[in-house]
Amino acid sequence: MGRITVTVEDPVFGDLTIVLDTGEGSVEVSGGRLPRTTLRRVPGTVPTSWPPIGTTDPDSLALTLDGEGEPPALSRGYVNRRTYTVRFPEGGRTYRLVPDDETRSCLMRDKVLLGRLRVSPGGGHVTPVTWRSASKVLPAEAALGYVLAVGLGTGGKQSESGGGAGTAADAVLDILAVWS
């Protein structure tokens, strides 16, 4: 697919520029009132066809957020619902990108919903987020949400194991991901 540059008019943080480079395996968010934030596939990692940056292996990804000191730690969630966790060593903050339905994911700060994100499959085109005003979303949190959503994709398919058991198992995993 190559390199795609998209402008997003975020209702709270202004005009953002998102650059997705599937060949290099990186996504960068900048502009508006957001700090420059990058999610990058580590050099030497063999890319996969999904997600857009070519891997979901946290050991093969580097996340940088300007002004945040030590880099945050990214970890993989559940296999069949694409949940990702980011932990910041300073301040003990934990963020999760958790599927909300087949096309959208929620960005959570600990157990607080910050907003819902939707990215077109493989295209890097993100729908502007409706941030929850009661959550008092910080610019660094918004940047983190955009970079994770574009780089790793949003939404999650129900389990293909068949029947209601897969759906029930996914529901339990989603609840655990949000509330653990």
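The values are calculated or read from the model by the stated rules, or taken from the named source; none is laboratory data. All values derive from a computational prediction rather than experimental measurement. Reconstructed Cβ throughout: ideal geometry from the backbone, glycine too, with neighbour counts over all protein chains shown. Protein only, heavy atoms only, side chains kept; ligands, DNA and RNA dropped before computing areas. Shrake-Rupley method; radii C 1.70, N 1.55, O 1.52, S 1.80 Å.
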- Message: With the requirement that a residue be exposed (fewer than 15 other Cβ atoms within 10 Å of the Cβ) and either in contact with a helix residue (DSSP H, G or I) (Cβ under 8 Å, 6 or more places away or on another chain) or among the polar types (S, T, N, Q) (or both), what does the stretch 5-50 give you?
- Response: Thr5, Thr7, Arg33, Val42, Thr48, Ser49
- Task: Scan the stretch 91-107 and give yes if some residue there is closer than 19 Å to Leu16 by Cα and at pLDDT 75 or above, otherwise no.
- Result: yes
- Reported set for the stretch 77-86 where residues are within 13 Å of the chain's Cα centre (by Cα) and either modelled with pLDDT of 65 or more or of a type in the set (A, V, I, L, M) (or both) is Thr83, Tyr84, Thr85, Val86
- Task: May I ask you to list the residues in the stretch 38-65 that are assigned to a loop (DSSP other than H, G, I, E, B) and either small (Gly, Ala, Ser) or in contact (Cβ under 8 Å) with a residue 40 or more places away in the chain (or both)?
- Result: Gly44, Ser49, Trp50, Pro51, Pro52, Ile53, Gly54, Thr56
- Message: I'd like the residue in the stretch 113-123 that is open to solvent by 50 Å² or more (accessible area, probe 1.4 Å) and modelled with pLDDT of 90 or more and, out of all such residues, is farthest from Val19 (Cα to Cα).
- Response: Arg116
- Residue set Thr22, Thr38; condition out of contact with any Leu (no Cβ under 9 Å at 6 or more places or on another chain), among the β-branched types (Val, Ile, Thr) and modelled with pLDDT of 90 or more; output residue Thr22
- Query: Scanning for something farther than 24 Å from Ser120 by Cβ and among the small types (Gly, Ala, Ser), does the stretch 25-39 turn up at least one residue?
  - Reply: no
